[in-house]
Each structure stands twice: as C-alpha cells, then as structure tokens.
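Below: one structure, written as structure tokens.
The values are calculated or read from the model by the stated rules, or taken from the named source; none is laboratory data. Model, not experiment: these values are computed from the prediction. FYI the Cβ positions are ideal-geometry reconstructions off the backbone, even for glycines, and counts take in every protein chain you see. For accessibility, only protein heavy atoms count, side chains too; no ligands or nucleic acids. Shrake-Rupley method; radii C 1.70, N 1.55, O 1.52, S 1.80 Å.
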Amino acid sequence: MNQCWKIAVIGSGPAGFYAAGELFRQQSWEIKVDMFERLPTPFGLVRGGVAPDHQKIKSVQKIYSRIAENENFRFFGNVEFGRDIFQADLLEHYDAVIYSVGSPADRELGIPGEDLSGSHSATEFVAWYNGHPDFCDYKFDLSAKNAFVIGIGNVALDVARILAKTPEELAETDIADYALDALRASQLEDIWLVGRRGPVQAAFSPAELREFMELAEADVVVEQNVLELDAESQQILETDASNDTKKNIEILKQISLRDVSAKKRRVHFLFLSSPVEISGNDKVEKISLVRNQLLKREDGSLAAQPTEKINEAAAELVFRSIGYHGQPLPDLPFDQKSGTIPNECGQVKDPENGNKLRNREYVAGWIKRGPSGVIGTNKQDAVETVHRMLETFLNEKMEAGKNCANPDIVALLENRKLEYVSFADWKLIDVHETEAGQKQGRPRVKLTSIAEMLSVIRQKK
Ligand SMILES: Cc1cc2nc3c(=O)[nH]c(=O)nc-3n(C[C@H](O)[C@H](O)[C@H](O)COP(=O)(O)OP(=O)(O)OC[C@H]3O[C@@H](n4cnc5c(N)ncnc54)[C@H](O)[C@@H]3O)c2cc1C
C-alpha cells in the first residue's frame with residue numbers, strides 16, 4: 001500500500017473515536033488519524049457527562065483506547081480548535097477534517113428569574129460533579145431544602161439521583177472529590193422532577209427509573225392520579241407505545257403503590273407541569289408551575305398545552321435539563337436553531353453558498369445530528385460520515401498522497417508553544433487517577449485542573 005490519506009479529527013468523544021475506528025477498518029488505503037482535543041483527557045462526555053455511578057457504561061473507554069493503540073493514530077490533547085489550531089492549519093496539513101466537538105452548551109427555559117443565583121443548567125452541574133476542569137470552581141448552594149429539576153429525560157434523572165444519593169453511595173464512584181464534599185454537607189430534603197407532558201411521553205429509560213427504587217436514603221413519590229391517563233395517552237399505551245414506555249408505566253405503578261417510608265429525602269415525579277417563573281429577591285426562593293393538558297397535534301402526537309392553573313412552590317435550587325445545544329466553530333457554517341453544523345450525511349454544506357458541499361470538511365456525533373441518542377448511536381453516525389468522506393474522495397477524483405509520513409503538525413504546535421498531551425501522556429494521568437482510586441476503593445480519583453494534569457505528566461515522564 002503506498003497511498004495514504006491524512007485525516008484530522010477534532011474532539012475525542014464517542015463520535016471522534018468511532019470515526020477513527022472506521023477509518024482504520026479501510027483496506028484500500030493507509031489512513032493516518034491525528035485527533036485534537038481541547039482537554040488533556042480524552043473521551044468527551046463518557047468521562048465528563050455519564051454519571052459517576054454508571055461505571056459499566058464508562059467501560060466503553062477500553063474500546064476507544066484500543067483504537068488509540070493503532071500505529072497510525074496520534075492524540076493531541078490540550079489543543080483547542082479555534083484557540084490553538086485553526087481551519088487553515090488543518091487544511092494545510094491534512095486531506096480532510098472531521099469535526100466531532102459535541103454540543104457543550106445548554107438550552108434555556110426563557111422564563112423570568114432564570115438568571116437568579118440558585119438557577120443552574122444541568123450541563124453545569126453534571127460537568128461539575130464529573131470534575132470537568134472548566135466547571136470545578138462552580139458553587140451550588142446545597143444548604144437548600146427543595147430542588148427542582150426541569151425536564152424528565154435521562155440527564156434530569158442523573159441529576160436528581162446524584163442529589164438524592166448518600167455520601168456513602170457516592171463515595172464508591174469517581175465523582176469529583178470537591179463534589180463529594182459539597183454533597184456530603186447537602187441539606188436537601190425534596191427533589192422534584194418536572195415533566196411538561198405525561199408519563200407516556202417521558203423520555204427516560206426504564207433502567208434509569210428503576211434505580212430510584214433502590215436509593216438508600218430517598219423515597220420516590222409518584223402520586224397515583226399521575227397514572228390516570230387521558231384517553232389519548234391510554235390509547236397510545238395500548239397500541240403503539242414502545243416497550244420502554246410500557247415498562248416505565250409499570251415501574252411508576254409499582255412506585256406509586258409502595259408505602260413512603262421515613263427516609264431523609266424524597267424524589268417526586270411531577271408530570272404535566274412547566275415552570276413559568278422563578279422568583280426571589282437576589283436568589284431563587286420560589287418557582288411557579290403551570291399545569292398542562294395534552295392536546296393532539298395534526299401528526300397525532302400529543303403536545304403540552306398550558307391551562308389556567310398555576311402552583312407556586314418554595315424552591316432554592318433549580319436545574320434546567322431541557323437539552324444540550326451545539327456552539328459555532330470559526331470558519332464553519334452553523335445552524336443556530338438546531339445547534340448543529342449543516343451537513344449532508346456528515347459532509348459539511350454551506351447554506352450561505354447555495355448549500356455547496358465542502359469536500360474536505362465533515363462532522364460526526366452531536367454536532368452533526370443534535371444532542372440525542374446514546375453512546376452507541378454515534379457509531380452508525382460516524383460510520384456514515386467516514387463512508388461519505390471516502391466516496392467523495394473517489395467521486396471528486398481527489399488523489400491520496402504518496403507520502404505516508406506523519407503530517408508535520410508537531411512543529412506547528414511547538415512553534416505556538418503549546419503543551420500538547422499525547423495518548424501516552426494521558427495514560428500517565430489515567431494510572432495516577434486509578435492508583436489514587438484503588439487506595440480508597442474507588443474506580444479513580446479524578447484530577448480536575450489542567451495545571452494539575454500537566455504537572456502529573458511532567459513528574460511521571
Ligand atoms: C449528562 C449526560 C449523561 C449521559 N449518559 C449516557 C449514558 O449513561 N449512556 C449513554 O449511552 N449515553 C449517555 N449520554 C450520551 C452520550 O454521552 C453522547 O451520545 C455522546 O457523548 C456524544 O458524543 P460526541 O462525540 O458527539 O460528543 P462529546 O462526547 O461531547 O465529545 C466531544 C469532544 O470534543 C471536545 N471538543 C469540543 N470542542 C472542541 C474544540 N474546539 N477543539 C477540540 N476539542 C473540542 C470536547 O472536549 C469533547 O471531548 C449522556 C449524555 C449526557 C450529556
């Protein structure tokens with residue numbers, strides 16, 4: 001084989017690694033992959049999003065580490081696209097670029113009081129408890145008695161569960177040490193999960209719901225009338241509801257029939273409600289929720305329609321968890337509404353230039369399709385992108401290079417005085433963290449500042 005494609009991948013989450021894995025499966029060409037990641041640590045939301053008490057899910061990192069062992073793979077951590085390295089650099093050194101930068105921002109509620117102290121996004125809280133360096137200095141007032149989590153998808157359930165768990169339950173995980181300390185002092189008594197539609201429309205998965213029945217010091221509360229479904233929802237449940245929805249309703253029934261014991265905390269599932277205002281003098285004191293009814297849309301789905309009925313409740317902490325949102329990258333088109341980079345099967349297209357396709361720029365993962373789906377969803381997604389890219393190379397008669405030496409990007413990074421982190425360097429952090437974890441019977445004790453991470457690498461090298 002004497003023809004070689006050189007590909008840059010931006011972002012080391014599931015989409016980036018699945019794209020690299022698919023590139024290495026190609027037999028017709030040799031393919032070199034250089035992956036750039038803004039943090040010194042790889043794996044995106046698998047490290048910084050997936051809940052610390054869901055370690056089994058995090059084991060997918062082993063698959064990504066195997067991909068990283070390929071001799072044609074190089075990792076450049078602590079290098080941010082748009083700050084340290086730019087589109088022009090990449091197009092000069094590589095045949096094509098795959099942007100797989102995820103959706104790091106959050107969607108806002110758009111209601112009064114959302115900016116009060118004590119009102120946060122789930123994005124911030126999740127990144128904080130997972131030790132993401134950008135969020136380790138955040139403060140959450142856990143002297144609060146009542147917390148409201150707005151939204152009722154799996155991320156909202158993660159947030160409520162972490163708030164509800166005891167320090168002992170959390171101490172077995174790799175939750176950031178400062179978060180464990182803060183949660184140890186938590187005074188929370190009631191945590192409310194608020195969904196705008198009914199239980200049949202809820203987006204959480206049965207496994208996540210079931211976990212609430214096993215909490216050591218928190219009861220789960222589902223009012224029985226929640227399960228008195230409206231006629232349309234009942235019909236959906238009996239005809240075309242997914243197995244997951246049927247299981248969810250079954251579990252909610254079991255929960256509603258259980259006696260509420262006298263545990264320290266309660267997690268309440270509140271359906272058919274939307275926040276209309278968060279209020280307080282200089283911090284959150286109260287939340288106003290409107291009661292919704294379900295209204296059939298033209299396509300047959302059920303939408304939440306506000307009624308006149310508004311309930312007010314004491315609240316000192318509010319977390320909005322209504323979805324993540326992508327952020328624009330320099331020199332790339334961006335669709336503000338969907339928070340994605342416009343593309344056709346992963347190939348970037350320019351809406352401002354007649355939707356012209358860019359032959360050397362591609363996207364994968366959340367920045368391509370929006371923030372939905374589980375880790376595995378990013379595999380098909382990345383495979384589609386890689387195939388589209390290789391087909392474009394053929395169709396456009398682009399020529400693979402004869403020179404298979406590594407792209408000379410190291411010189412550029414060094415010229416810019418960037419302290420980049422290789423995959424071998426990351427493994428030094430990994431060993432440091434897991435050894436510290438072993439001493440405490442935990443999977444790892446995370447380093448949470450970039451300076452600390454770089455210092456560990458310097459010491460161990
Ligand atoms: C809170 C939460 C919990 C979840 N839990 C689960 C779960 O339990 N099970 C499950 O299957 N799925 C779960 N998911 C979904 C799963 O994490 C996503 O499907 C997946 O991570 C998306 O992959 P991605 O590669 O597109 O983005 P990401 O995982 O976000 O990776 C993007 C990477 O790009 C890097 N990056 C961003 N900008 C730049 C830049 N400018 N330059 C260089 N690098 C950059 C980021 O640092 C990051 O490492 C969860 C998601 C969230 C938010």
Legend entry - Range of Cα positions in the stretch 207-293 per principal axis (Å), largest first: 49, 33, 20
Inset, instruction - Take the alpha-carbon centre of the stretch 416-444, take the same for the stretch 362-379, and report the distance between them in whole Å. - result: 27 Å
Inset, instruction - Could you run the Debye sum over the Cα atoms of the stretch 19-143, one equal point scatterer each and no solvent, and tell me log10 of I(q)/I(0) at q = 0.09, 0.10, 0.15 Å⁻¹, two decimals? - result: -0.37, -0.44, -0.87
Legend entry - Karplus-derived HN-Hα couplings along the stretch 176-184 (A = 6.51, B = -1.76, C = 1.60, θ = phi - 60°), whole Hz, x at Gly and Pro: 4, 4, 5, 6, 4, 4, 5, 6, 4
Legend entry - Cα-based radius of gyration of the chain once divided by 2.2 N^0.38 Å, which approximates compact folds: 1.05
Inset, instruction - Would you grab the residues whose amide H sits under 5 Å from the one on TRP192? Only those 5+ places off in sequence or on another chain, please, with H modelled 1.01 Å from N. - result: ALA147, PHE148, VAL149, HIS268
Inset, instruction - Using θ = phi - 60° and the Karplus relation 6.51 cos²θ - 1.76 cosθ + 1.60, list the HN-Hα couplings for the stretch 121-127 in order, rounded to whole Hz, with x at every Gly or Pro. - result: 8, 4, 3, 5, 5, 4, 5
Legend entry - Solvent-accessible ranking of ILE251, ILE375, largest area first, probe 1.4 Å: ILE375, ILE251
Inset, instruction - Using θ = phi - 60° and the Karplus relation 6.51 cos²θ - 1.76 cosθ + 1.60, list the HN-Hα couplings for the stretch 15-30 in order, rounded to whole Hz, with x at every Gly or Pro. - result: 4, x, 5, 5, 5, 4, x, 5, 4, 6, 7, 6, 9, 7, 9, 7
Inset, instruction - Starting from the Cα coordinates of the stretch 362-461, work out the convex hull volume and express it per residue in Å³. - result: 183 Å³
Legend entry - the chain - accessible surface per residue (Å², probe 1.4 Å): 46 Å²
Inset, instruction - Give the long-range amide H neighbours of THR340: residues separated by 5 or more places, or on another chain, with amide H under 5 Å away, using H modelled in the peptide plane at 1.01 Å from N. - result: ASP335
Legend entry - Charged-residue dipole, Cβ positions (Lys, Arg, Asp, Glu), the stretch 105-323 about Cα centre, Debye nearest 20: 500 debye
Legend entry - Computed Rg/Rh of the stretch 115-238, alpha carbon atoms with Kirkwood Rh: 1.00
Inset, instruction - Quick one: plug the Kirkwood hydrodynamic radius of the stretch 105-323 (C-alpha pairs) into Stokes-Einstein at 4 °C, 1.567 mPa s, and report D in µm²/s. - result: 72 µm²/s
Legend entry - Accessible-area composition of the stretch 105-323, carbon plus sulfur, in percent [1.4 Å probe]: 45 percent
Legend entry - Amide H within-cut-off set for LYS263, under 5 Å, with H built and near neighbours excluded: ASP219
